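Report on the following structure.
No value in this document is a laboratory result; all are computed from the given coordinates. The structure presented is a predicted model; accordingly, all values stated were derived computationally and were not measured. In this analysis, Cβ positions are derived from the backbone assuming ideal geometry, glycine residues included, and neighbour counts consider all displayed protein chains.
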Amino acid sequence: MEILMETREETLSVSDTIVPEKTQITFLQVQNHPRVKILMDKANEFLGVIGYTEHGPRHGKIVSKMARELLRALGDDERTLELAAIAGYLHDVGNVINRDHHAQTGAILAGQILEEMGMPFDDAVEIIAAIGNHHEEDGLPVSRISAALIIADKADVHRSRVRTINSLRTDLHDRVNYAVTRSKITVDAEKNHITLSLDVDTRIASVMEYFEIFLSRMLISKKASNFLKMEFHVDTNGNHLL
């Protein structure tokens, strides 16, 4: 039996060679997505039931802005800044499932929503990786976006996150948060310094109590800063501590 094989030269048309333009999903589109609003509100509500500080839209917006501005100060491009802002806003949605492993479950939830919105997969992967690695207990900086998210997340310590002052005597975590009246991240590109500055009302909680609660967060912030080729410092009440 004779088998004939035909080889043909394919001619590509102009339309075959054009790469479709990426869909540029923005922070505002993500923030206003109906499912994102539900996830943010419910995750915050459920954490409140089990006694955690505020982890809702307020926290999301602050972390989003800090992550964006940190990378802006380091000279990153506008698209990277936008992806960092999106990661910052969505990073805690996994709390709607459970506090344990919320970084990983949040990454999956965020990835599903971003895919539905039409975000290119290479952009979505950057956000997924950042969210999945933001928690100090089971994450590490794996990219510039993830490093910025880690630093921004750990820097949001403030009394406005405390849900009720009735817990201050019995809950050290709430007491330390309530004692912080100002927290700020500054970047000195010339000295290669990233500094977290805190004003702590020591009548409410001592600086030692702050480090007792947040030492692991400061250590991962140091790792994230080092990933960005920067040094991490902590100033409290005008005193250099780290």
### Message
Which one, Leu74, Ser206, Val30, projects farthest toward the positive side of the charge dipole computed for the chain from Cβ point charges (K/R +1, D/E -1)?
### Response
Ser206
### Length released on extending from Thr181 to Met117, taking residue separation times 0.36 nm less the Cα-Cα span
19.2 nm
### Query
By how many degrees, 0 to 90 and rounded to 10, does the Cα axis of helix 57-73 deviate from the longest principal axis of the chain?
70 degrees
#### Entry: Surrounding net charge for Phe27, when Lys and Arg each add one and Asp and Glu each subtract one, Cβ distance under 11 Å
+2
### Query
What's the tally of Lys pairs in the chain whose alpha-carbon atoms lie under 25 angstrom apart, where the two lysines are 8 or more places apart or on different chains?
29
## Note on the structure
Magnitude of the Cβ-charge dipole (Lys and Arg +1, Asp and Glu -1) of the range 25-240 about the Cα centre, nearest 20 debye, reported as 560 debye
### Summary
Taking 0.36 nm per residue of separation between Asp77 and Asn239 and subtracting their Cα-Cα distance, the length gained on full extension comes to 55.0 nm
#### Entry: Mean Cβ neighbour count within 10 Å, used as a protection proxy, ranking 96-102, 166-172 highest first
96-102, 166-172
